[in-house]
Structures are given as structure tokens and as C-alpha cells.
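Beneath this line is the structure, given in C-alpha cells, with notes to follow.
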Amino acid sequence: MRWGGTASVALLATLLAATAASAAELRLTARAAMVMDAATGAVVWEHNANEPLPPASTTKVMTAILALESGRLDDSFRVSADAADTPPSKINLRPGQRMRLKNLLYAVLLNSANDAAEVVAEGLGGSEEAFAARMTARARELGASTAHFANPHGLTAAGHEVSARDLATIFRHGLDVPLFREILETRSVQVPLESGGVQWVALHSHNRLLTASTYQVIGKTGYTRPARRCFVGAASHDGRELIVALLGARDLWSDAQRLFTYGFGVAPGPASALMVRATTHRHHRLARHAVVQHAALRRAASEGDDDLGTDPRIARYAVRLGPYASRQAALATRSRLAQHGYRVVLAGRSLRIGSFTSVSKAEQAATRLRQTGYRPVLVLL
């Protein structure tokens, strides 16, 4: 069958409609949800993702980021009476005890300890209010325009809210902050607490998906009655990393697993041009754009012309490597590839090679990379 005719356009439209229907039929219990590509920030799927909602203890992701960026991880912070009186969940800190900031963060992110989060806020900001203002300001710097924090732990407070999109955006930044991943990958640990002598506190992750999921998921849970169940986390599969944010869920773990399964089923290669990568309400605009791209590509192939300049109507492909564990690792790989003559673009923690007007040329480049030990993936630009 020749592409570009009525039959091929109809087939493409049918495939797009089927994919959009699949996304629309992704049934969740959450009030809002987002699936985001960790390397690029691109939206894979979303539902009500721009509405600010109470985030419960997923708030602590922002608390941890400020602490990790403070440069004071070895500082020892004193537990105040107010911090010790913070409602559960907690690790039962008592006034006058002291704990290093690094160890407090394990309590904050694994046990979701509200008292530990309060100690972090008072130690770094002087007061809960001042630290919460810093949290909001830093979130806005990261592009989280709906985020407003009234405290460091996520207990219910007027105006304390964030959208699923912005929660995913904040978490995406955290993935590049040293120690953030390491803490969230920890199942259990004992940390020292200074109280006259040294006591040891046993901490355990609340994240069931860290061990029970098809994909190993690192992330932060949250729950209050007004917020219901919340989660933000990331998982990797076949060299691709996705972030999922959920707010207001009744069946949190099932929702999260459905989103990761769906997200990893949306191929990041040429087929993803036919997938709904953003929301279903943008389906018709994407469908028109995809029809133009693929008709132009097939006409070019039939004419034997693989070098069509920079015409934006022509589909272009690239080869992606990553995401890597850190930006530094991606930079090191880019340097090695440059020594072998590759022109490489850094995109977050991933690398992009080339701009090809045919799948065959992109696959040739990918094959060469596979032969030297890399795991390339074709992507549509």
C-alpha cells in the first residue's frame, strides 16, 4: 500500500483514535495524575494535572531538596519542643536531642517523620514559616508555578497545595540532586541520634513499590484525610525513566502501577509519533500534525531523497542514550563519544545524537553504538 493516499491517512487516523481511546480509558481513583519523561520533562499522560491540590507528605520532597542543596548535611540540629510536639507520623524525637541533617533526611523521606521535617525547617530557616516561604520560592524557581507551601511536612494547612504537574517537576529536579536517589533507594537503615550518648533509630521506607512493583520505583508517599493518598516517584525500564505524580487517590498503589505500565508502553521511538504523549484533550491537534509528518516522510522515501534540509513538516529522528544516573555521567559519556567524532547534544541526563530524516539512517547510527556497548533508543524529534 502506498502512503499518502486516502487509505493510509484513514489508517493513521484510526491508530491515533485507538491510542487516544486507550489513554482515555486509563481508569484511576486519583483526583489528578501526571506521567512525565524524566530526561526531557515531556508529558506522556496527564489527568487534571494543573489543579492545585493538597499534597500531604509528598511535600517533603521539596523539604529534602532545600536541605540537600544547603551544603549543611554534616551540621547537627537541635530538637525544639515545638518540633517534638509535631503530630505523627514521627520518630518520637524529644526536646534537646540532636541529629545530623543528613540523618534527618532519611527520617523525612523514608519514615515520613513530621517531627524530623520540623527540625530541618527550624534548623535551616529559623522557623517553620520562614522555611516554608523558602520552599515556595525555590519551587517557583524550578517552574512549579502552582506550588505554595505552609509547612515542611504536609499536614493540612490553608493554601498548602501543588498540582500534579508541578509535583512531578519538583521531583524531576530532585533526581539530579546528589544523595536524593540514594536515600529513596534505601529500604531500611539505622541512623544515630545524639541524646547524652548515641542512640540508634531504625528507619524503614513507606514506599511499597520499591520492592513489590514490576518496576523498581523510588518515591515519596503521603496521606491525610483531605488530601487522600498521594505519591510521586520514578522508575526506569529499557533505558528510559518516567516520573509519576498522583494526588487524591483512593487506591494509590494500583493507580501508580497502571501509570507506569501505560507510560512504558508508550514507545519513545518512531511509533510514539502515533501515541498520545500529552493529554487526550490535545488529541485532534496532534493527529493533524502526525498525518502531515508521516505523509511527507513517505513521499520523501518514494523519491529517494533522505536529505530534505530543515523543513519542519518532515519527521526527523535521533538516537538517545540514557537517562544516566547523574548529569556528570552523561557529560562523561558525551566527552567519550565526541572523541570518536559524534556530535552529541546533552538533554538533562540523556544524550541525543543526530537528526535523521529516515528511520534507516537513525537505526544505522544506533547499530554502530550497540556494537560498542551502548543501549541506544530511536526518538522522534
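The values are calculated or read from the model by the stated rules, or taken from the named source; none is laboratory data. Since we're looking at a predicted model, the values are computed, not measured. Using ideal geometry, Cβ is built from the backbone for each residue, glycine included, and neighbour counts are taken over all protein chains shown.
Here are some notes:
- Test: residue in the stretch 98-107 that is assigned to a loop (DSSP other than H, G, I, E, B), surrounded by 15 or more Cβ atoms within 10 Å (Cβ to Cβ) and either in the same structural domain as residue 138 (by TED's automatic domain parsing) or not hydroxyl-bearing (Ser, Thr, Tyr) (or both): no
- Within the stretch 116-145, residues that are farther than 18 Å from residue 173 by Cβ and free of Cβ contacts under 8 Å to residues at least 24 places away in the same chain have Cβ atoms under 7 Å from residues that are charged (D, E, K, R) and surrounded by fewer than 21 Cβ atoms within 10 Å (Cβ to Cβ) in these pairs: 125/134, counting only partners at least 6 apart in sequence or on another chain.
- Failed condition for residue 207, given (1) modelled with pLDDT under 95; (2) in a strand (DSSP E or B); (3) buried (at least 20 other Cβ atoms within 10 Å of the Cβ): (2)
- Residue match in the stretch 158-167 (condition: crowded, with 24+ Cβ neighbours inside 10 Å, assigned by TED's automatic domain parsing to the domain that holds residue 70, over 17 Å from residue 226 (Cα atoms) and among the aliphatic types (A, V, I, L, M)): yes
- Only a single item in (1) at pLDDT 95 or above; (2) under 24 Å from residue 221 (Cβ atoms); (3) surrounded by fewer than 23 Cβ atoms within 10 Å (Cβ to Cβ) is not met by residue 26, and it is number (1).
- Just one of the listed residues (122, 46, 69, 118) is buried (at least 19 other Cβ atoms within 10 Å of the Cβ) and farther than 27 Å from residue 249 by Cβ, namely 122.
- Residues in the stretch 210-231 that are at pLDDT 95 or above and of a type in the set (Gly, Ala, Ser): 219, 222, 227.
- Note on the stretch 335-352: residues that are small (Gly, Ala, Ser) and buried (at least 18 other Cβ atoms within 10 Å of the Cβ) total 2.
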